[in-house]
Each structure stands twice: as C-alpha cells, then as structure tokens.
Amino acid sequence: MKLISAEGLLDLAQLEKITQKPALFAKDDGNFWQDPYISEHLLNAHLDDESDQGSRKYQDILQSVLWLCEYLKLPEDSKLLDLGCGPGLYSENFYGQGFDVTGIDISQSSIDYAKEQAEGFQYRIKYICQDYLKIDYQNEFDVITLIYGDLCVLSHEDRKILLNKVHKALKPGGFIVFDVFTKYFFSKEEAEQSWYISDDEGFWSEEEHLLLQSHFKYKKDKVRLDKYTMLLANGEVRTHHIWKHYFSLKRCINMMEESGFNVKEYWSNLQGKPFEKESPWIGMIAQKA
C-alpha cells in the first residue's frame, strides 16, 4: 500500500485509518520472522546477552535447563522437541544434558545460525525451519518445550491447534514445559502511541522511514498488541503486529486441562521459584493424560 498519490500528495485520512486499533488478531503485512532483513536483527537480539529482548540471558537459560533436567529426571537420550528454538540457545543446553534434541523455528536466519553452531561443535541436534503450527508428529517426544512466552503470541484458535499437535506429538506420559505472561508483565505502562524517524538502518528496515508505534489493549480477551506502522520515503506502508496474550493461573490450568494435559506443577519462572500472586510469569510443566 502507498500513501502518496501520483500528484505527490500524502493521504492523511488513509494514514489515520491504518494506524487505528485493528480487530483482535487481525493479520499484518506479512510474516516478519521470515523477512531476511528483520530476521537478521531478531537473531542479533537473541544473541545479545546484555538484553532480554530476544531471548533470556545465557545464565538464566542455563539455570532453567539445569533445574528442569533435575526436576524431570528423564533417562539419557530422551527425545526433546524445542518449539520456537531460535538460534538454539536452549536446544544446545538440553543436548548438553543428554537429550536427543530437535529444534523448530520459523526464522531461517536463526535456524542457519543454530545449524552452523551445531556443526562447529559437533552437536547432533536436528534443526528444522518450519512454522510449528504445521508439525505432524505422533507419540514421538518425551518432552516438548515452548519457552519465553511462545504460547502468548498466538491467536486463541492457533493456540488450541498447537496444543492439540503437541499432545499428539508427545509419547504417553510425556511432558510439555512452557511459560506465559500474566497481567503483571505489563506493570510498566506502555505509551499509547509514539513515533520516530530512522535515517539509517533501523530494526524494521534499512531504508529511511517514519515508524509509528501503537500499544492497544483488549481487556475482555486478556490481550495486548504492539503495532508498528512503517512509512517509507516513497509512500509505501507496512504494518507489523506483535500480540501478547496474558493469563491468570486459573485460566492457564484450565487451558491445559481442556487440551488433555494434567498440570504437574507451576512456578514464577522455570527455575523453581515458588509461584507468587503478582509474578509477571507463570512457568508450568504439564503431562499428557
């Protein structure tokens, strides 16, 4: 879509329209996870150990993996599927603890990096670039992980689809390990709208652009949206949506039971911290019923 007419005029009415609050889980202008430029910046965010924007910091990842392995006490070479594996930060550590690991992620840049690391260190980890909503395994894995809020970015329908596929992919008695946001994750109030002009390579584009950032609340559905509207110098407009669904403990337990799981235990993180009412995260392990 372009906002500049053949006469060189900016269509402000159209600009106002496309920056308005969209319908719940409305689609944006494409899958930015697969955009070569953006996915490279996402990879850099995953690997930046000074920030937790892309992934948790390495020591937190390591502590989670060590604690989870101690909790699960599964035999060596148990099969683990790491969904949304990114560049393999969790996958590598689970492999180091004796798991037979498969990692799946939709970003080709992240998967390419993970494969290079595995080859360089001779890790026998299988990495697949795929939309994990399209997995089709049956009774194959002992553990499936969905860590760092992956369930929260999905629509209600897609979340049900994924949990059904996870249930099918697990062996009888297999475990799903995941974490989700609570409403306290958003205790720092987001600005409703802000903007900036990028005159060099920005996160969303290497071209000069104006970026409008909007934060919308869908209180009834327990959902937040970060919407990014990018206006390029030639008048082209692109939008990107990042959905964030948050849960109460009760809703999280109900979700798992409705999908055929028995909740084993829950915490304020995936390092065994006892659950606190105002925790920004719920970490949970559930077992295939």
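The values are calculated or read from the model by the stated rules, or taken from the named source; none is laboratory data. Predicted model only: the values in this text are computed from it and were never measured. We place every Cβ from the backbone using ideal geometry, glycine too, and count neighbours over all the protein chains shown. Keep in mind that these areas ignore ligands, DNA and RNA; they rest on the heavy atoms of the full protein, side chains included. Shrake-Rupley method; radii C 1.70, N 1.55, O 1.52, S 1.80 Å.
Taking every alpha-carbon pair within the chain, the share separated by more than 36 Å comes to 19 percent. Consider a paramagnetic label point 7 Å from the Cα of residue 51 along Cα→Cβ; state which residues of the stretch 192-233 have an amide N under 18 Å from it. Only 194-207, 209, 211-214, 226-229 fall inside the zone, counting backbone N under 18 Å. When the trypsin sites (Lys or Arg not before Pro) in the stretch 32-102 are filtered for DSSP coil states and for at most 15 other beta-carbon atoms within 10 Å of their beta-carbon, the remaining sites are 57, 73. Applying the Karplus relation 6.51 cos²θ - 1.76 cosθ + 1.60 with θ = phi - 60° to the stretch 155-161 yields 3J(HN,Hα) values of 5, 4, 5, 5, 5, 5, 4 Hz, where x marks Gly and Pro. For residue 27, the lysines whose Cα falls under 16 Å of its own Cα, not counting residues fewer than eight places away in the same chain, are 17, 227, 244. Separation of the alpha carbons by more than 26 angstrom is noted, of 57/115; 73/134; 134/273; 57/250; 2/134, for 73/134; 134/273; 57/250; 2/134. Between 47, 178, 127, whose Cα lies farthest towards the positive end of the dipole of the chain when Lys and Arg beta carbons carry +1 and Asp and Glu beta carbons carry -1, centred on the Cα centre? So the residue furthest toward the plus end is 178.
On a per residue basis, the stretch 166-289 carries 50 Å² of accessible surface, using protein heavy atoms and a 1.4 Å probe.
Antiparallel as a % of all DSSP beta bridges within the chain, to the nearest 5? Write down the numbers at each step before the final one.
Numbers: 40 of 58 bridges.
Antiparallel bridges make up about 70 percent of those DSSP assigns within the chain.
Using the Cβ atoms and a cut-off under 11 Å, what net charge is assigned to the surroundings of residue 130, where Lys and Arg are +1 and Asp and Glu are -1? Computed value for this residue: -2.
Each Lys and Arg adds +1 at its Cβ and each Asp and Glu adds -1 at its Cβ; summed about the Cα centre, the chain shows a dipole of about 1720 debye. Taking all protein chains as shown and a probe of 1.4 angstrom, residue 177 keeps an accessible surface of around 0 Å². Ignoring ligands, DNA and RNA, what percent of the 1.4 Å accessible area of the stretch 50-89 is carbon and sulfur? The computed percentage sits at 44.
The order of 195, 281 by accessible area, most exposed first and with a 1.4 Å probe, is 195, 281. Among the GluC sites (Glu not before Pro) found in the stretch 1-107, those both in a DSSP coil and sparsely packed, with 12 or fewer other Cβ atoms within 10 Å of their Cβ, are 7, 50, 76. The calculated 222 nm mean residue ellipticity attributable to helices in the chain amounts to -8500 deg cm²/dmol, summing -39500 (n - 2.57) over DSSP H runs of n ≥ 4 and dividing by all residues.
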